[in-house]
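Below is one structure, written out as structure tokens; the observations come after it.
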Amino acid sequence: MQLYLKLALGNVRRGARDYSVYFATLGFAACLLYSFVASTYHLRAMGLSPEQLGVLGSAGDILQAFSVFTVLVFLFLVRYANRFLLRRRKREFALYELCGMGRAAVSVVLVAETALVGAGALACGLAAGAALSPAFGAVAAFVFDAPWRLAFSFSPDSAAWTAGCFAVVFAVNAVDGARDIARRPLIELMSAERAPERMRLGGRVARGGQAVLAAVLLAVVWGSCVFQPVYFIAFIIPMGFAACFATSLVARLGVAAWGERARGRSERYWDGLTAFTVRQVEARVSSTSMALACVCVLVAVAVCMMVAGFVFSIGLRTPEMVSAGIAASMAPIGYIGIFYGAVFLLSAVAVLALQQLSGAVDARRAYGVLGQLGCDRALMRASVRRQLALYFAAPLAGALVHDVFGLFLVAFLAFALGAEGLFAIVAGVLAFTVGLMAAYGAITARAVERVVLARV
């Protein structure tokens, strides 16, 4: 057992260098979950009035209930990340078996690694939450219009809740990963990294049908959002699935059209590594279109929720709304909107970064062949950056298109409530979203270059 733990610890150390985005995201997720639940704890330490304490008591129940949904979002994120890491390491697990380790021993190593990663992310997240408690307290005080003073705080109950949630999330994923490895034949584990990806779009009739279906679904989603907002809110979950499916179809068809147009310009297509870059993107469109669509829709929802959150908090601080008590009663909803918008945005950029790291490992062999053929390293680095720019810019552009219609709904609610400053709030949220995706893109670019060009 000691040997297995030592092996698991070494694997986690190596993985922390190769997949720094994944580990940083998990730590930030733990920090957000703890800070969300502990936000009322921070505010109670600031000397609130009896009326504010009453609103805060009801807000605490709302925040505790909504934190369960946050756990589900993080469960999706961790599950996606673990499947990505397992696919990258199936050959490694097969080599363990060839060296004499049984499937049970491999499962023990995998479970130990998952436990170490979860414990490390939880410890870092709780430490960051305690260190940043004045900042999170300032955000909560700003949203609830409460007095704020510089003070560090730590909530044991919130930490216990966060630890329990992380234990459940990582236990589910550890069992899922161990079962996935246990049921795979050895030959499948050995060849997992070499499994090719092919673009399957069908003929012209099939493409035309996909285009019509995407147009119909988007018309229903966008039309109901603008003209029937009540029905859109009532059926928001199926609307979200329809938007994801339609966006994935648009992504597949868009990449196919982009590749055909690029090949139509032969002088540019054969310049540098343009042809190689186009083929790399086309080869992965079938497996990445749904991930890109989910990222696109998550970013769009995040922008709408953060805008709505600020509208329902600071946008209602007019003298009439404050005197009527409407601003105070809507503050919990505003805080939930801001927090969940941040959670969805984090999940979106994390999924996108992990998807790019997954593709980098797949493409490492192709770039190695280019290096053996004498290709200039600068050209290969430019190819990597062009692909990353496309994968980060395309979902962001699609999200902005969705937000053109989604913000109609937010504007309708804002004007109905008499909120102010809508356009300034929209501009600030969009600037924050673009800045966060640009920062994640830069971090991901360094990680991808390190993976792809390490042996070139």
Check your understanding: Averaged per residue, what accessible area in Å² does segment 303-456 show with a 1.4 Å probe, protein chains only?
Key -> 41
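Quote to one decimal, in nm, the extra length available between residue 389 and residue 261 on full extension: 0.36 nm per residue of separation minus the C-alpha distance between them. Can you show the working numbers first?
On the way: separation 128, 0.36 × 128 = 46.08 nm, distance 1.87 nm.
Fully extending the segment from residue 389 to residue 261 adds 44.2 nm.
Compute, for segment 295-392, the length of the dipole vector about the Cα centre, with Cβ point charges of +1 (Lys, Arg) and -1 (Asp, Glu) only. Units Debye, rounded to 20. Can you show the working numbers first?
Details: 7 positive and 3 negative charges, 99 e Å.
Computed about the Cα centre, the dipole is about 480 debye.
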Exercise for review: Estimate the FRET efficiency between residue 104 and residue 333 by the formula 1/(1 + (r/R0)^6), using the beta-carbon distance for r and 41 Å for R0, to the nearest 0.05.
Suggested key: 0.25
Review point. Taking Cα centroids, how far is segment 411-456 from segment 83-142 in Å?
Key: 26
Revision key, fill the gap. Heavy-atom accessible area with a 1.4 angstrom probe orders 101, 290, most exposed first, as 290, 101
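Of 90, 6, which has the most accessible area and how do the rest follow, probe 1.4 Å? Spell out each step's value before the answer.
Working: 90 25, 6 155 Å².
The ranking, largest first, comes out as 6, 90.
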Check your understanding: Roughly how many Å² of residue 145 are accessible to a 1.4 Å probe, to the nearest 10?
Key -> 90
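Quickly rank 27-38, 236-247, 365-376 as a protection proxy: mean count of other C-beta atoms within 10 Å, highest first.
Working: 27-38: 24.4, 236-247: 17.5, 365-376: 13.5.
Per-residue mean Cβ counts within 10 Å order the peptides as 27-38, 236-247, 365-376.
The values are calculated or read from the model by the stated rules, or taken from the named source; none is laboratory data. Small disclaimer: the values here were computed from a predicted structure and weren't measured. Neighbour counts are summed over all protein chains in view; Cβ atoms, including those assigned to glycine, are modelled from backbone coordinates with ideal geometry. The protein model used for the area step is the full one, side chains on, heavy atoms only, and it has no ligands, DNA or RNA in it. Shrake-Rupley method; radii C 1.70, N 1.55, O 1.52, S 1.80 Å.
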